[in-house]
Amino acid sequence: MADDDVLDEEDEAVSETPEETVPTVKPLPPPLYEVRPGLGQKFQAANVKDIILTTMQQQLMGRQYRADQAPQWAKTIANGVRQRVQELDMKRYKILVQTTLIEMKGAGVKCGQRCIWDPETDDYIDDSYKNDTIYCYTIVYGVYMY
């Protein structure tokens, strides 16, 4: 009987305390790993082409070729284009800009490039600027970072 009394007291003690609430654990959402850019987030080639052309015109309009200034002009154009393209906020795109500035002396110029990339996400756009003494060629690569 003494054992029955002890059991009854324990049952009463347990029932008198409020039931402990077990915190519910929400399942984590699946990780958001983007393999492809979303709709409307691809490389904006038309906007980039406008940036290239306006930047080259701003830097080179009315100038004559000078061998001592040409490297600085090319660097200024490349940095200006890269900065303005990055402001377009194309998420997860690595932007690479190459500018070639040479003197016009009547010879022809051929430019070419080879790239190994994903044609569904990566892209490039180029443009050139000419005046009487300057030929400038700028190319912008947009490589999607997986």
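Points worth noting:
- For the chain, the Cβ-based charge dipole about the Cα centre amounts to some 3600 debye (Lys, Arg positive; Asp, Glu negative; other atoms uncharged).
- Compactness of the stretch 32-103 is given as radius of gyration and Dmax, 15.1, 52 Å, from Cα positions.
- Peptides ranked, highest mean first, by Cβ atoms within 10 Å: ranges 74-82, 108-116: 74-82, 108-116
- Applying a length cut-off of 20 Å (Cα extent along the axis) and a mean Kyte-Doolittle floor of -1.0 to the DSSP H helices of the chain leaves 45-60, 70-86.
- Normalised contact order of the chain, rounded percent, pairs of Cα under 8 Å and 6 or more residues apart: 28
- Answer label for Kirkwood radius over Cα pairs in Å (calculated), chosen among [x] 16.4; [y] 20.0; [z] 15.7: [y]
- At q = 0.20, 0.24 Å⁻¹, base-10 log of I(q)/I(0) for the stretch 64-140 (Debye sum, equal scatterers on each alpha carbon): -0.95, -1.18
- Accessible area of the stretch 61-146 belonging to carbon and sulfur atoms, whole % at 1.4 Å probe: 47
- Each of the peptides 119-125, 33-39, 59-65, 49-55 was scored by the mean count of other Cβ atoms within 10 Å over its residues; in descending order, highest first, they stand as 49-55, 119-125, 59-65, 33-39.
- In range of the label at Tyr33: residues from the stretch 65-92 whose backbone nitrogen is under 19 Å from the point 7 Å along Cα→Cβ: 92
- On a per residue basis, the chain carries 75 Å² of accessible surface, using protein heavy atoms and a 1.4 Å probe.
- As a calculated quantity, the FRET efficiency between Gln98 and Thr54 at R0 = 25 Å, using C-beta atoms, amounts to about 0.90.
The values are calculated or read from the model by the stated rules, or taken from the named source; none is laboratory data. These numbers come from a predicted model, not from an experiment. Cβ coordinates were reconstructed from backbone atoms using ideal geometry, including for glycine residues, and neighbour counts include every protein chain displayed. For accessibility, only protein heavy atoms count, side chains too; no ligands or nucleic acids. Shrake-Rupley method; radii C 1.70, N 1.55, O 1.52, S 1.80 Å.
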